[in-house]
Each structure stands twice: as C-alpha cells, then as structure tokens.
Amino acid sequence: MTKTAQDIVIKPVITEDSMERLQSGKYTFEVAKDANKVEIAKAIEELFEVKVAKVNTISVKGKQKRMGRTVGYRPDRKKAIVTLEGDKTIEFFDGMY
C-alpha cells in the first residue's frame, strides 16, 4: 500500500524553538512514525511545492502522565526538521515569526 503525502506529514509543530528555526529556513513537522527521510522530503515537496535540501528526524518518546493513581503515557511520535533550498518559504508559516 502506498502512502500519500497527507499520510506522511501529520501536522506542523508550533513551538518557541521551531519558530526560532524559521529564520534559518528550517521547518518542523510531526510525521508518521514509519516514514523515512526520503519519503518525508518527497511529501513536503509535493504538499508545499518547495525544494527540500535536508531532512533531520527525531523520535520522541511519550511523556508519563498521571490521572490520580493511574499512570499512563502519551503516544510516541516522530518529528522532522526540514531545511529548504534557496530563499523559498512555506506560506503556512509566513507571518508567524
């Protein structure tokens, strides 16, 4: 079964750290856990019509959370920091920093 670009890129990550990275042309996204760097780069290029120079991935373990006596964990996730070629930007992030 082939994955579409929408299956690979789940959502953008909007944090202080990711907003600081925007000035250097690096965009942060939450991606599917089983996606590799090549698939992530192709999905970003297809969705946002930009050229990707580099992709760094980070596997984030879910935090422990408590509800009274019960202890559980948030789900594990994967983040991708995407560096773009040239001066192109992703319109979704324009005006955020």
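Assorted remarks:
- Of all residues in region 11-34, those satisfying the criterion of being modelled with pLDDT of 95 or more and of a type in the set (A, V, I, L, M) are 31, 32.
Each row is one residue, and each column tells you yes or no for (1) touching a residue at least 12 places away in the same chain (Cβ under 8 Å); (2) touching a strand residue (DSSP E or B) at 6+ places or on another chain (Cβ under 8 Å); (3) acidic (Asp, Glu).
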| site | (1), (2), (3) |
| --- | --- |
| 37 | yes, yes, no |
| 43 | yes, yes, no |
| 48 | yes, no, no |
| 54 | yes, yes, no |
| 60 | yes, yes, no |
| 66 | no, yes, no |
| 69 | no, no, no |
| 81 | yes, yes, no |
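The values are calculated or read from the model by the stated rules, or taken from the named source; none is laboratory data. Being a predicted model, the structure only gives us computed values, none of them experimental. In this analysis, Cβ positions are derived from the backbone assuming ideal geometry, glycine residues included, and neighbour counts consider all displayed protein chains.
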